[in-house]
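Take a look at the structure below.
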């Protein structure tokens, strides 16, 4: 499955179960999470948000199929 992504780096993509593991990445300051997060890709576009601990800006993570 091809996934376009914004605000994260894909660690593992399980196309069979429509599941993706990723690390959060700040688009403003370049901060990179040391832990992974996971999300089911149920529709064509999935959005989630996080607050960067370095620059304190809210960031958007977007997955598109």
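Structure summary
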| quantity | calculated |
| --- | --- |
| Looking only at the range 31-53, and only at residues there that are crowded, with 16+ Cβ neighbours inside 10 Å and either in contact with a helix residue (DSSP H, G or I) (Cβ under 8 Å, 6 or more places away or on another chain) or in a loop (DSSP other than H, G, I, E, B) (or both), the one that is modelled with the lowest pLDDT | 41 |
| Cross-chain or 6+ apart pairs with Cβ under 8 Å, the range 15-26 first and modelled with pLDDT under 90, then loosely packed, with under 13 Cβ neighbours inside 10 Å and not in a strand (DSSP E or B) | 15/1; 18/1; 18/42 |
| Matching residues, the range 11-30, being under 13 Å from the mean Cα position of the chain (by Cα) and either part of a loop (DSSP other than H, G, I, E, B) or surrounded by fewer than 13 Cβ atoms within 10 Å (Cβ to Cβ) (or both) | 11, 12, 26, 27 |
| Top-ranked residue of the range 1-10 - restricted to ones that are in contact (Cβ under 8 Å) with a residue 60 or more places away in the chain and not in a strand (DSSP E or B), ranked as nearest to residue 54 (Cα to Cα) | 3 |
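The values are calculated or read from the model by the stated rules, or taken from the named source; none is laboratory data. All figures in this text were calculated on a predicted structure; none of them were measured in a lab. For neighbour counting, all protein chains shown are included, and Cβ atoms are generated from backbone atoms with ideal geometry for every residue, glycine included.
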